[in-house]
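A short worksheet on the structure shown next.
The values are calculated or read from the model by the stated rules, or taken from the named source; none is laboratory data. Bear in mind the structure is a predicted one, so any value in this text is a computation, not a measurement. Cβ: placed from backbone, ideal geometry, glycine included. Neighbour counts: every protein chain shown.
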Amino acid sequence: MSLSAALYERLSGDAELAGLLPAFHGSPAIFTALPVPAAAPLPLLVIGALEQEDNLDVQDVRLARLGFALTAFARQEAPPGQAEAPLRRARTLLEGADLAWPDGQLVSLTCRGPLAVPAERPWRAFRLEVAGLYFPQPEGGSTP
């Protein structure tokens with residue numbers, strides 16, 4: 001399972017977040033890539049691509065840095081908060097989350113937002129910027 005898949009599992013498995021998003025093919029409208037299917041209902045969340053991953057050595061501990069964004073899209077005429085509410089719930093789910101995937105184990109994670117971002121009409125968009133540190137999985141070994 002990749003980090004993107006672990007994030008998707010964490011977010012899509014939450015009943016409260018699912019209640020804030022319409023269903024798409026039996027699951028909450030959460031996607032791991034753009035463009036989303038044309039038939040996708042709004043509001044929806046997109047887990048952005050990993051934006052950075054740099055290996056760090058802190059004394060004798062190997063760490064890696066990660067960054068990505070969660071973006072929520074809603075219609076321009078949607079009620080206030082419709083795009084921000086799923087991001088606020090996602091933030092709660094991610095901060096302090098105990099996430100692990102085959103390539104690593106999360107050490108710390110911080111979120112910034114929801115922040116309004118430019119979007120073409122007829123959409124409105126907000127972003128949650130996520131940054132963290134993780135223990136990369138050594139080949140044939142385990143994380144500290």
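Within the stretch 81-107, being part of a loop (DSSP other than H, G, I, E, B), farther than 16 Å from G13 by Cα and of a type in the set (A, V, I, L, M) holds for one residue alone: A83.
Here's the yes/no breakdown for (1) farther than 26 Å from M1 by Cα; (2) surrounded by fewer than 19 Cβ atoms within 10 Å (Cβ to Cβ); (3) small (G, A, S):
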{"position": "H25", "(1), (2), (3)": "no, yes, no"}
{"position": "A29", "(1), (2), (3)": "no, no, yes"}
{"position": "N55", "(1), (2), (3)": "no, yes, no"}
{"position": "R75", "(1), (2), (3)": "yes, yes, no"}
{"position": "L94", "(1), (2), (3)": "no, no, no"}
{"position": "E129", "(1), (2), (3)": "no, yes, no"}
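R89 falls short on exactly one of the conditions (1) under 20 Å from P22 (Cα atoms); (2) touching a Pro at 6+ places or on another chain (Cβ under 8 Å); (3) charged (D, E, K, R); (4) in contact (Cβ under 8 Å) with a residue 40 or more places away in the chain, and that condition is (2). Any residue at all in the stretch 129-144 that's charged (D, E, K, R), assigned to a strand (DSSP E or B) and out of contact with any helix residue (DSSP H, G or I) (no Cβ under 7 Å at 6 or more places or on another chain)? Within the stretch 129-144, one or more residues are charged (D, E, K, R), assigned to a strand (DSSP E or B) and out of contact with any helix residue (DSSP H, G or I) (no Cβ under 7 Å at 6 or more places or on another chain). Taking the residues in the stretch 40-53 that are in a loop (DSSP other than H, G, I, E, B) and of a type in the set (A, V, I, L, M) as candidates, determine which candidate is surrounded by the most Cβ atoms within 10 Å (Cβ to Cβ). Of everything passing the filter in the stretch 40-53, L42 is surrounded by the most Cβ atoms within 10 Å (Cβ to Cβ).
Within the stretch 57-73, being surrounded by 14 or more Cβ atoms within 10 Å (Cβ to Cβ), among the hydrophobic types (A, V, I, L, M, F, W, C) and touching a residue at least 60 places away in the same chain (Cβ under 8 Å) holds for L63, A64, L66, F68, A69, L70.
Taking (1) without any contact (Cβ under 8 Å) to a residue 24 or more places away in the chain; (2) part of a loop (DSSP other than H, G, I, E, B) in turn, A78 satisfies each apart from (1).
All conditions in (1) modelled with pLDDT of 90 or more; (2) polar (S, T, N, Q); (3) more than 17 Å from G48 (Cβ to Cβ) hold for T110, with the sole exception of (3). Determine, yes or no, whether T110 is part of a strand (DSSP E or B), surrounded by 19 or more Cβ atoms within 10 Å (Cβ to Cβ), under 12 Å from the mean Cα position of the chain (by Cα) and not basic (K, R). For T110, the condition - part of a strand (DSSP E or B), surrounded by 19 or more Cβ atoms within 10 Å (Cβ to Cβ), under 12 Å from the mean Cα position of the chain (by Cα) and not basic (K, R) - is not met. One residue stands out in the stretch 40-55 among those that are farther than 22 Å from R91 by Cα and in contact (Cβ under 8 Å) with a residue 12 or more places away in the chain: the one that is nearest to the chain's Cα centre (by Cα), namely A40.
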